[in-house]
1. Can you pull out the residues in segment 1-35 that are at pLDDT below 90, assigned to a strand (DSSP E or B) and open to solvent by 30 Å² or more (accessible area, probe 1.4 Å)?
2. If I filter segment 132-164 down to residues being surrounded by 17 or more Cβ atoms within 10 Å (Cβ to Cβ) and β-branched (Val, Ile, Thr), which single residue comes out as nearest to the chain's Cα centre (by Cα)?
3. Kindly provide the set of residues from segment 36-47 that are part of a strand (DSSP E or B) and either buried (at least 18 other Cβ atoms within 10 Å of the Cβ) or out of contact with any Ser or Thr (no Cβ under 8 Å at 6 or more places or on another chain) (or both), ordered by number.
4. What about Ser107, is it out of contact with any strand residue (DSSP E or B) (no Cβ under 7 Å at 6 or more places or on another chain), under 22 Å from Val147 (Cα atoms) and modelled with pLDDT under 90?
5. Which condition number in (1) surrounded by fewer than 16 Cβ atoms within 10 Å (Cβ to Cβ); (2) in contact (Cβ under 8 Å) with a residue 60 or more places away in the chain is the one that Gly50 fails?
6. Quick one: what pairs do we get from segment 72-90, first residue modelled with pLDDT under 90, second assigned to a loop (DSSP other than H, G, I, E, B) and hydroxyl-bearing (Ser, Thr, Tyr), C-beta under 8 Å, 6+ apart or different chains?
7. Taking only pairs six or more apart or across chains, which ones have beta-carbon atoms under 7 Å, a first residue in segment 142-164 that is more than 14 Å from Phe92 (Cα to Cα) and in contact (Cβ under 8 Å) with a residue 40 or more places away in the chain, and a second residue that is open to solvent by 10 Å² or more (accessible area, probe 1.4 Å) and aliphatic (A, V, I, L, M)?
8. Pairs please, first residue from segment 1-29 and farther than 23 Å from Gly52 by Cα, second anywhere and small (Gly, Ala, Ser) and in a strand (DSSP E or B), Cβ atoms under 6 Å, 6+ apart in sequence or on different chains.
Amino acid sequence: GQDLGGVAFGPNGDLYGISSATSVKRFDGTSGSLVATYSLDTPGADLAFGTGGDFFVGSGTPQGGGVRRYDGLTGASEGLFVDVDNGRRLAFGTGGDLFVSEFVSGSDVVTRFDGTTGANLGTFATSQSGGFGELAFGTGGDLFAIVGGESIARFDGVTGAFEGPFTSGFAFGDDVLG
């Protein structure tokens, strides 16, 4: 079988997932039947939908690849959106900005990018212990992140300040929050 990860529902109600790091599979949101397969420009680790309906794929590799943008309906590549060496996990915040977990200068951080232009808006949050896994924004706007594979940390959704552990003492896979 093929590995499927980095799943997200699109604004059209269909489920999209990265298949074996080389393509995105689109499944009908009701029946689960395969609708389309879209090839990726570079290997992909995670995907997220922007406010305009396009999907964004992070490479998750230290060899680069950045975060690339794809048309949400046709899967056509729209090219490099942000140039990061190892953007592992992606999430769009309530204001439309893109948040990317990455390893920068010896630290695990979440970097914030303008969701329209891709401009780097700086480091949003820094890990207190271990690498960042899956990212998700809660209904109140705070950022939740798997940290070190065993806890979920909560960060203020505006400032990025660490608010403490949300839960801990568990073994999480990378995509439990998605």
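The values are calculated or read from the model by the stated rules, or taken from the named source; none is laboratory data. These numbers were taken from a predicted model, which means no experiment stands behind them. Cβ atoms come from the backbone with ideal geometry, glycine included; neighbour counts cover every protein chain shown. The area values use the complete protein model at the heavy-atom level, side chains included, leaving out ligands, DNA and RNA. Shrake-Rupley method; radii C 1.70, N 1.55, O 1.52, S 1.80 Å.
1. Across segment 1-35, the qualifying residues are Leu4, Val7.
2. Ranking the qualifying residues of segment 132-164, first place goes to Ile146.
3. If we filter segment 36-47 for residues that are part of a strand (DSSP E or B), which is where we start, we get 36-39, 46-47.
Scanning segment 36-47 gives Ala36, Tyr38, Asp46, Leu47.
4. Numbers: out of contact with any strand residue (DSSP E or B) (no Cβ under 7 Å at 6 or more places or on another chain): no; under 22 Å from Val147 (Cα atoms): yes; modelled with pLDDT under 90: yes.
No; evaluated as a whole, the condition is false for this residue.
5. Of (1) surrounded by fewer than 16 Cβ atoms within 10 Å (Cβ to Cβ); (2) in contact (Cβ under 8 Å) with a residue 60 or more places away in the chain, only one is false for Gly50: (1).
6. Asn86/Ser59; Asn86/Thr61; Gly87/Ser59
7. Phe155/Ala161
8. From residues that are farther than 23 Å from Gly52 by Cα, the pairs are Gln2/Ser19; Leu4/Gly17; Leu4/Ser19.
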